[in-house]
Structures are given as C-alpha cells and as structure tokens.
Ligand SMILES: C[S@@+](CC[C@H](N)C(=O)[O-])C[C@H]1O[C@@H](n2cnc3c(N)ncnc32)[C@H](O)[C@@H]1O
C-alpha cells in the first residue's frame, strides 16, 4: 500500500488555493463544502468567486507566504508550469502538504473520488493510476449508501451518550447499535420520517435496557423485484435483499436477482406458476411470521410490484394481525417493463387517455367476470395480466362488447429478460399470435391502438396485409 488514506479535520482550518481557472474553481467548490476558510492566490477576483463569499478571500501573490504559514494544506491549480513550481517551492519551504492539480510529481497527497453523505464520507483513490475506475467504484458505492445514511450517522452520534448510560455492557451496546442501524430505525430515517426514527430509537433502547430485545420480531419487507432485468431493481430493494437473513421468493423472480441474496442467507421458493401454488398463501404467511418471530430479517421477494396482482395486500394484513409491521417496497411492474421493452407507450395523447390493468385469470379458474363494455371503450389501453390461457375468450368477449377485431394487440412474454418474446397483431388474431410465437407465459397482453405504434408492429401488419 503506497497510499495512506487519512481525513483532514476541517473545523477552524485554513486552506490556500493557487489559481483562478476552472481547476481552481472546482477545488474551491470542494473545499467550500467544509467549514474551512479559503485564501485564493490570484491577480484578479474571478467571476465565480461570488458563490463562495462567506468563506473565500482573495490574496495577492506577495501575501501567499504569510497565508501558507497557517494553512492545513494547499492546492496548486495553476495551468502554467513556472507558476506551479513557484507555488510549490513556497509551500514546500513551509512544510505545508501539497496537492497540485494534474501534476502528480508535485503532490504530497491526492484528492480521491468521494461520496459525501454528511457525517459519512467514502473516498476511493487509485493514486492517479486509473481515476475512471475510482469513479466507477464510487458510483457503485452510491447504490449501496442510502441518501440519508449521513443523517442516520448524525442521529447515532446524538444518541451515543444516552445509550452508553443506559447499557453498561459493551456487548449489549454493540447488539443495540446493530439492531438500531440496520432495522426499523434506519428504515424510518431513510424514508425521511425523522420523528418516527427518534421514537423507534427510544423504544428499541428501552427494550434493550429491560432485556426484552430477545423477544423482538425481525423486520419484514415485502419487496418488488421488477419484471426480471436485474438493472430494473430499485436501490432500496437491492439494499434490503443484501441485508436479509431469509428471502421467500416467487417463481417470477429472475435467477440474476436471486444471485444478489447474501450467500449465507436462506432462499425459500414459495412461488406459484400458472395457478400452481408451491406453498399455499396461508402457508407463506405462516413462514414469514415464524421467521420474523425468530428475529430474522425477512424479505418477501415478488415479481413486478407487490401491490399489482401480487397479493401483497393480503400479506401485509396477515403480518399486521400478528403485530408485525411490514414495509412495502414498490417494484417496476411487468406492465411497465414490458411496455418499455416493446416500445409500446401505454398512454398517448392521440390514442389512449385511459390505462386499465386487468387479470385474465379468475380465482376459480377461467376468465374473470370483467366489465367487457367498459374495456371495449375507445381511446384506452387494456393490459391483461395472466391472460395467455384465456386469450381466445378475452378476444371474443371484447369483440362482442364492440371493440374492433382490427384493434392492435401486443403479447410480450418474459419481458425485459434475455429470452423475451414479442408478438404483434390484431385482437381477432390474438390466439394465433400466441400460438405462432409459442408463447406460454409469463406474458402480458397489451390491447389498444398504442400496441400498433412500434415499428415492429407496423412491419407485422404490412407482412399480414401482403400475405
Ligand atoms: C401474479 S401476476 C404478478 C404481477 C406482478 N406483481 C407485476 O407487477 O408485474 C403474474 C403475471 O404478471 C405478468 N408478468 C410478470 N412478469 C412478467 C414478465 N417478465 N413478462 C411478461 N409478463 C410478466 C404475467 O402476466 C404473469 O402471469
């Protein structure tokens, strides 16, 4: 390791920056995030200096030596080599740590790529070897560090003395912090509810102080995994999946997403496909409740969005009836994922001002009792979930209710996944489209003028017209 990471304490610090160009501006902008006083050595006040008035003052080159005497560090941002050398000699003579922009040979320290979350700062350096890689790593850290993690750290700092007084034993303090900073307190803070985070912190501490922490429920999160493409997972879903001790997942959750579960966590498939339940819904509730009672961090991972034909509502109710407050993390519904992937705009000012999601599968099998007249009204898009098996009846019912047989239809199977299949055609030909493309599901039917808009759809209509 030929770089040693360290952080400067900036309360009451003074920093000298040399230069007035764009590099000087960038460095001043960075230093001005700290409470430091900044002396900028330049001939005339640059236009951008006004933005930093409260911290910045301009000094002449003749004053630089005196300013350096009290500097915590200096940044040389001159373009000109001779000027940079002059500033370097001046700072070196005073033993002030030096960073010289784009002049590695003059640097005592480099400025890393950093992620600023208030009380928490992550810094990544490659010693100038590959700054792009440092930026990439920083971007990855960004996905792992919730935006409000700094506020959580600041809250922990405020509570530290109280916790120390309440819990004399170091092990129970460690367990308390693990619980507080990884559980509901943290979630409330990340969700922007500071008051609730404070209240939960107080409750958690009281329980630990009374030795009741052992009977606590583990947190349960009902998480939408999106339609399949792992990049469509939300940052929150990603974080919770990685924290979970046990994950109960549906069949629709893609293997790439399941790979994100921690290796030492349990993965339990409970999903169903085409009405075949691996574990009945009540059984899923019982499993989640039992895992939470064991104090485990539970994630219930569901395809798409948990509240769109996902029975997420029933799961929330079942947990609540046992005194367990579950949080729900939305996911990209397959309706949105498939539409984007197939280039079908679900609404369009000229074609569809209403968007309706329906299920094509009744609870007891067959087609549900839908408002076919309502669905056949013009200027709308109808998205049918679980409608492959009942597509002939859906096509027939909609036509009987008055929707034209030539209405465009798109059928998207395994949308957003590597094996996505798309079929376009007309409402009349819906069963044929499914048959021709060998579609078995999971698939969505998109019915309405918008399904005829993608170039791929138009090509199909032209080919059919010529046939
Ligand atoms: C029980 S529903 C769950 C819907 C899910 N909650 C959502 O928001 O997408 C299952 C149905 O969603 C649709 N579906 C889910 N993932 C899909 C995908 N990747 N491609 C196409 N359809 C999908 C299919 O219609 C499937 O039969």
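Listed values, structure above:
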| read-out | value |
| --- | --- |
| Sole exception among (1) away from the ligand (no atom under 14 Å from the Cβ); (2) surrounded by fewer than 13 Cβ atoms within 10 Å (Cβ to Cβ) for residue 363, by number | (1) |
| Number of positions in region 275-323 that are more than 12 Å from the ligand (Cβ to nearest atom) and assigned to a loop (DSSP other than H, G, I, E, B) | 10 |
| Residues that are within 16 Å of the ligand (Cβ to nearest atom) and more than 24 Å from the chain's Cα centre (by Cα), drawn from region 324-345 | 344 |
| Residue identified as modelled with pLDDT of 95 or more and either outside any strand (DSSP E or B) or touching a strand residue (DSSP E or B) at 6+ places or on another chain (Cβ under 8 Å) (or both) among 261, 223 | 223 |
| Residue satisfying condition, being under 30 Å from the mean Cα position of the chain (by Cα) and either on the phi < 0 side of the Ramachandran plot or more than 12 Å from the ligand (Cβ to nearest atom) (or both), within set 446, 433, 439 | 446 |
| Where a residue in region 420-441 is touching a residue at least 24 places away in the same chain (Cβ under 8 Å) and within 22 Å of residue 359 (Cβ to Cβ) and its partner, wherever it lies, is assigned to a helix (DSSP H, G or I) and within 10 Å of the ligand (Cβ to nearest atom), with Cβ under 9 Å and at least six apart | 420/338; 420/341; 422/338; 422/341 |
| Flag for residue 336 being surrounded by fewer than 20 Cβ atoms within 10 Å (Cβ to Cβ), at negative phi and not in a strand (DSSP E or B) | no |
| Within region 57-108, tally of residues that are in contact (Cβ under 8 Å) with a residue 60 or more places away in the chain and part of a loop (DSSP other than H, G, I, E, B) | 7 |
| Helices (runs of 4 or more DSSP H) completely within region 146-192 that count 2 or more residues being under 18 Å from residue 218 (Cα atoms) | 170-182, 184-190 |
| Selection status of residue 211, farther than 15 Å from residue 326 by Cα and more than 23 Å from the chain's Cα centre (by Cα) | yes |
| Filtered residues of region 109-135 (kept if surrounded by fewer than 15 Cβ atoms within 10 Å (Cβ to Cβ) and either within 21 Å of residue 65 (Cα to Cα) or without any contact (Cβ under 8 Å) to a residue 12 or more places away in the chain (or both)) | 129, 130, 132, 133 |
| Residue under evaluation residue 357, criteria (1) within 13 Å of the ligand (Cβ to nearest atom); (2) modelled with pLDDT under 95; (3) touching a helix residue (DSSP H, G or I) at 6+ places or on another chain (Cβ under 8 Å); (4) in the same structural domain as residue 385 (by TED's automatic domain parsing), criterion not met | (2) |
| Tabulated pairs, region 296-308, first assigned by TED's automatic domain parsing to the domain that holds residue 242 and closer than 21 Å to residue 256 by Cβ, second away from the ligand (no atom under 12 Å from the Cβ) and in a loop (DSSP other than H, G, I, E, B), C-beta under 7 angstrom, 6+ apart or interchain | 299/244 |
| Residue in region 43-51 that is crowded, with 17+ Cβ neighbours inside 10 Å and either farther than 22 Å from residue 113 by Cα or not assigned by TED's automatic domain parsing to the domain that holds residue 83 (or both) present | yes |
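The values are calculated or read from the model by the stated rules, or taken from the named source; none is laboratory data. This structure is a prediction, so every number in the text was calculated from the model and none was measured. Please note: Cβ atoms are built from the backbone with ideal geometry, for glycine as well, and neighbour counts cover all protein chains shown.
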